Amino acid sequence: MLNIKDIRNDFPILSLSVYGKPLVYLDNGATTQKPRAVVDAITNEYYNVNANVHRGVHFLSQKATELHEQARETIHTFIHAKSTSEIVFTRGTTESVNLVATCFSEACMNEGDEVIVSAMEHHSNIVPWQMAAQRRGIRLKVIPINDKGELLLDEYRKLFTERTRIVSVTHVSNVLGTVNPVKEMVSIAHEHGVPVLIDGAQSAPHIPIDVQDLDCDFFAFSGHKIYGPTGIGVLYGKEEWLDRLPPYQGGGEMIQHVSFEKTTFNELPYKFEAGTPDYVGSHALAVAIDYVSALGMDNIHQYERQLTDYAMSKLQQIEGMRIYGTADDKDAVISFLVGNIHHLDMGTLLDRLGIAVRTGHHCAEPLMHRLGIEGTVRASLAFYNTREEIDILADGIQRLKQMF
Ligand code: 7TS
């Protein structure tokens with residue numbers, strides 16, 4: 001059981017008032033707030049440790065390197081990877097997907113080869129593949145969804161051909177909240193000898209992740225969506241795949257030896273980590289992961305599920321409410337429109353009541369086309385949200401409805 005009152009005290013920003021109203025922060029899908037421990041870790045490292053990593057014999061550099069590499073250990077344990085060489089630090093999910101799309105298409109795809117994505121992808125898992133498609137002459141194939149916002153697995157099965165080289169799919173939709181059956185999808189892909197990249201931006205903060213159990217070949221997530229800092233993220237890749245891929249960027253850290261004739265590359269994971277890494281961010285991310293691990297990802301998942309169910313039933317009682325995404329397996333994200341109120345008007349007016357929601361297409365324009373709408377209002381939940389906050393949202397929507 002989570003003690004939400006105590007938890008909220010760990011997040012100073014949650015006690016802010018905006019426009020004289022207590023802040024109700026329901027934009028966690030965009031980014032989460034940070035517990036004091038994370039902010040303190042950042043301040044402490046800059047005040048007491050700061051030095052560049054991996055290249056100093058001096059005390060501070062060794063200490064900073066230790067924290068950075070301990071962070072890799074923490075992440076490796078958190079997602080149950082086999083080894084720390086499978087944990088690559090990136091700037092976030094977007095960079096992780098770009099790395100795979102660039103390096104995989106270069107090493108493993110030729111003209112006419114195919115990548116399978118889904119109709120509910122974030123632009124971050126569409127555009128990098130389109131860019132690779134332009135460079136390499138490959139094709140995107142798209143898994144369709146039903147009206148509840150669930151992937152059609154039979155259609156997915158039919159998309160495989162002898163030209164399919166990779167599947168890249170989101171674990172949880174940032175618009176619909178749908179939790180995709182990624183373990184089953186990986187197993188289907190593997191029957192065809194095809195590897196799978198899972199976009200875990202919206203799952204890692206909410207659902208216990210075991211990459212070995214999922215058997216996925218790549219898994220990407222962002223630090224800032226899991227209560228850590230911005231600018232740091234993770235790409236997990238099975239060693240056998242990371243070994244096969246060429247480096248992403250060139251520079252310091254990713255080399256073994258350089259001469260003007262020839263450069264040899266560093267071992268995993270450093271081959272993919274050119275330049276000075278965000279060693280303060282990696283440590284602060286590990287502190288965030290320690291924080292959620294201490295609460296227990298199972299407890300977090302259970303609490304957020306109950307809160308999502310409560311929010312769904314509460315919002316569904318509002319006349320004129322249309323909720324997009326009613327999958328049987330649904331997590332922490334609720335997108336909606338009410339009557340003919342424009343999503344932007346709804347978001348702007350809710351803001352005046354102190355309620356932070358996101359409006360628009362949520363970087364998923366192809367999904368909006370499929371749904372036949374321009375955008376939605378989206379409430380996305382975290383474990384520090386409460387039923388009282390859901391009630392404030394529902395009352396706010398009722399009030400605005402009366403204004404229109
Ligand atoms: N994939 C999914 C499923 C996402 O929801 C997001 C960000 C990304 C990838 C990209 O993550 P980044 O950290 O690299 O930017 N989603 C959102 C959102 O829903 N609102 O703001 C950002």
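Residues of the range 27-45 falling in the label zone of Leu16, defined by backbone nitrogen less than 17 Å from a point 7 Å along Cα to beta-carbon, are 27-40.
How far, in nm, would the chain grow between Leu295 and Glu388 when pulled straight, counting 0.36 nm per residue and subtracting the alpha carbon separation?
On the way: separation 93, 0.36 × 93 = 33.48 nm, distance 2.12 nm.
Taking 0.36 nm per residue and subtracting the Cα distance, the gain is 31.4 nm.
When peptides 71-83, 251-263, 378-390 are ranked by their average number of other Cβ atoms within 10 Å per residue, the highest-first order is 378-390, 71-83, 251-263.
Work the Kirkwood hydrodynamic radius out for the range 63-176: mean of 1/r over every pair of different alpha-carbon atoms, inverted, in Å.
Working: mean 1/r = 0.0630 Å⁻¹.
For the range 63-176, the Kirkwood estimate is 15.9 Å.
Take the Cα of Lys158, step 7 Å toward its Cβ, do the same at His192, and the gap between the two points is 1.3 nm. Neighbours of Arg352 by Cβ distance under 12 Å: Lys/Arg scored +1, Asp/Glu scored -1, total 0.
Placing unit charges on the Cβ atoms of the charged side chains and taking the dipole of the chain about its Cα centre, the candidate lying farthest along the positive direction among Ile334, Ala189, Val53 is Ile334. Between Asp147 and Phe59, the modelled labels are 6.9 nm apart [label points 7 Å from Cα along Cα→Cβ]. Taken one residue at a time, the phi angles of the range 263-271 give Karplus couplings (6.51, -1.76, 1.60, θ = phi - 60°) of 10, 10, 9, 6, 6, 5, x, 5, 3 Hz. Gly and Pro are set to x.
Paramagnetic label reach from Leu2 (point 7 Å along Cα→Cβ; backbone nitrogen cut-off under 17 Å): within the range 277-292, residues 288-292.
Which of rounded, prolate or oblate describes the range 318-404 when judged by the alpha-carbon gyration tensor and an a/c cut-off of 1.5? Show your work: numbers first, answer last.
Numbers: a/c = 1.62, a/b = 1.16, b/c = 1.40.
Oblate, because a/c is 1.5 or more while a/b does not exceed b/c.
The stretch between Glu240 and Leu140, if pulled fully straight at 0.36 nm per residue, gains 33.6 nm over its current Cα-Cα span.
Compute the signed sum of charges (Lys and Arg +1, Asp and Glu -1) over the other residues within less than 13 Å, Cβ to Cβ, of Leu268.
Details: positive: Arg72, Lys82, Lys238, Arg244, Lys271; negative: Glu86, Glu239, Glu240, Asp243, Glu253, Glu267, Glu273.
Value of the local net charge: -2.
Counting only C-alpha contacts under 8 Å and six or more residues apart, can you give the relative contact order of the chain as a whole percent? Kindly include the intermediate steps, with their values, before the conclusion.
On the way: 788 pairs, mean separation 91.7, N = 404.
So the answer I get is 23 percent.
Using alpha carbon centroids, what distance separates the range 343-404 and the range 80-97, in Å? About 32 Å separates the Cα centre of the range 343-404 from the one of the range 80-97.
With θ taken as phi - 60° and the Karplus curve 6.51 cos²θ - 1.76 cosθ + 1.60 applied, the whole-hertz 3J(HN,Hα) list for the range 147-163 is 6, 7, x, 10, 5, 8, 5, 5, 5, 4, 4, 6, 6, 6, 10, 6, 9 Hz, x standing for glycine and proline.
So for the range 40-294, taking the charge dipole from beta-carbon charges (+1 Lys/Arg, -1 Asp/Glu), which of Val179, Ser83, Val97 sits furthest toward the positive end? Farthest along the dipole direction, towards plus: Val97. The H on the amide N of Gly233, modeled in the peptide plane, is under 5 Å from the matching H of Thr90, Arg91, Gly92, Gly223, each at least 5 residues off or on a different chain.
Residues whose amide H falls under 5 Å from that of Gly354, counting only those 5 or more places apart or on a different chain, are absent, with hydrogens built in the peptide plane.
Specify whether the C-alpha gyration tensor of the range 1-125 places it in the rounded, prolate or oblate class, a ≥ b ≥ c being the square roots of the eigenvalues: rounded for a/c under 1.5, otherwise prolate if a/b is larger than b/c and oblate if not. Each step should come with its number before you reach the end.
Details: a/c = 2.39, a/b = 1.21, b/c = 1.98.
The shape class here is oblate.
Label-to-label distance, Asp351 versus Arg370, with points set 7 angstrom from Cα along the beta-carbon direction: 2.9 nm.
For a footprinting-style exposure proxy, rank Leu285, Leu268, Leu153 by other Cβ within 10 Å, fewest first. Intermediate results must be reported in sequence, preceding the final value.
Numbers: Leu285 30, Leu268 19, Leu153 14.
The order, fewest Cβ neighbours first, is Leu153, Leu268, Leu285.
Counting only Cβ charges, +1 for Lys and Arg and -1 for Asp and Glu, the dipole size of the chain around its Cα centre is about 860 debye.
Which value, in Å to one decimal place, does the Kirkwood hydrodynamic radius take for the chain when every pair of different Cα atoms is included? If you can, show how the numbers build up before the last one.
Values: mean 1/r = 0.0452 Å⁻¹.
So the Kirkwood estimate lands at 22.1 Å.
Just going by the charge dipole of the chain, with Lys and Arg at +1 and Asp and Glu at -1 on Cβ, which of Leu371, Val39, Gln306 is farthest out on the positive end? Toward the positive end, the furthest listed residue is Leu371.
Since every read-out is calculated from the coordinates, none of them should be taken as a lab result. Since the model is a prediction, treat every value here as computed from it, not as a measurement. Methodologically, a virtual Cβ is constructed for each residue, glycine included, from the backbone with ideal geometry; neighbour enumeration extends over all protein chains shown.
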